[in-house]
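The structure appears below as structure tokens.
The values are calculated or read from the model by the stated rules, or taken from the named source; none is laboratory data. Predicted model only: the values in this text are computed from it and were never measured. Virtual Cβ from ideal backbone geometry, glycine too; neighbours counted across all protein chains shown.
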């Protein structure tokens, strides 16, 4: 018989509860205390031509798929559009300043700064040109505010470290509310495997897992 996992006690997406929706460039859904898989990336991480064509295709899809989406529509959206972004990110376009361990350290520290105050970090990886985070947002806080805080602080500190100026991060971010324990552990495995998939050597990325995640379902490396 399967033993209970701490992930079973997380608050997952509930289609019967109220959803707060907002839209910058991308659609975002939020529920109080929800668990999310979030990706944000450097501004030069995807060639503009690819991004323009992706945006046109996504706009056509959105025009025929009104919200709220059902589970099948959401899965199709992420298969068609999120997966493309992830493939392009792993190709290592742009200056990839997060490959620098000092720069990655700034991002890592920022992600952990609000631990147990505004969020519970379960796992994350800082890749050369993007970041994946699996976390639960604590009651009274929002995913959008957390991402804004991380990006604002790290941009200032990284620009200061590198002696550069201007925008660092892409304006928007990708997020997906976790639906259940199976989805949660799939995201853990994605984070674990992302550096290998992108053919990165040790020192070219920074990865974190909470202790209970390391010893949880599947264990490290599975």
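Things worth noting here:
- Applying the condition of being touching a strand residue (DSSP E or B) at 6+ places or on another chain (Cβ under 7 Å) and not in a helix (DSSP H, G or I) to the range 47-98 and asking which residue is nearest to residue 207 (Cα to Cα) yields 94.
- Residues (in contact with a helix residue (DSSP H, G or I) (Cβ under 8 Å, 6 or more places away or on another chain), outside any strand (DSSP E or B) and at negative phi) located in the range 197-213: 197, 198, 204, 205, 212, 213
- Selection over the range 114-158 of residues that are in contact (Cβ under 8 Å) with a residue 40 or more places away in the chain and assigned to a helix (DSSP H, G or I) gives a count of 9.
Condition check ((1) within 20 Å of the chain's Cα centre (by Cα); (2) at pLDDT 85 or above; (3) over 25 Å from residue 189 (Cβ atoms); (4) loosely packed, with under 13 Cβ neighbours inside 10 Å) across all residues:
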{"residue": "31", "(1), (2), (3), (4)": "yes, no, no, no"}
{"residue": "34", "(1), (2), (3), (4)": "yes, yes, no, no"}
{"residue": "43", "(1), (2), (3), (4)": "yes, yes, yes, no"}
{"residue": "68", "(1), (2), (3), (4)": "no, no, yes, yes"}
{"residue": "94", "(1), (2), (3), (4)": "yes, yes, yes, no"}
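- Top-ranked residue of the range 159-196 - restricted to ones that are in contact with a helix residue (DSSP H, G or I) (Cβ under 8 Å, 6 or more places away or on another chain), in a helix (DSSP H, G or I) and under 20 Å from residue 214 (Cβ atoms), ranked as modelled with the lowest pLDDT: 181
- Some residue of the range 167-184 being on the phi < 0 side of the Ramachandran plot and without any contact (Cβ under 8 Å) to a residue 40 or more places away in the chain: yes
- Residue satisfying condition, being at pLDDT below 85 and either under 21 Å from the mean Cα position of the chain (by Cα) or over 19 Å from residue 88 (Cα atoms) (or both), within set 47, 27: 27
- Test: residue in the range 136-150 that is in contact with a strand residue (DSSP E or B) (Cβ under 8 Å, 6 or more places away or on another chain), modelled with pLDDT of 95 or more and over 12 Å from residue 38 (Cβ atoms): no
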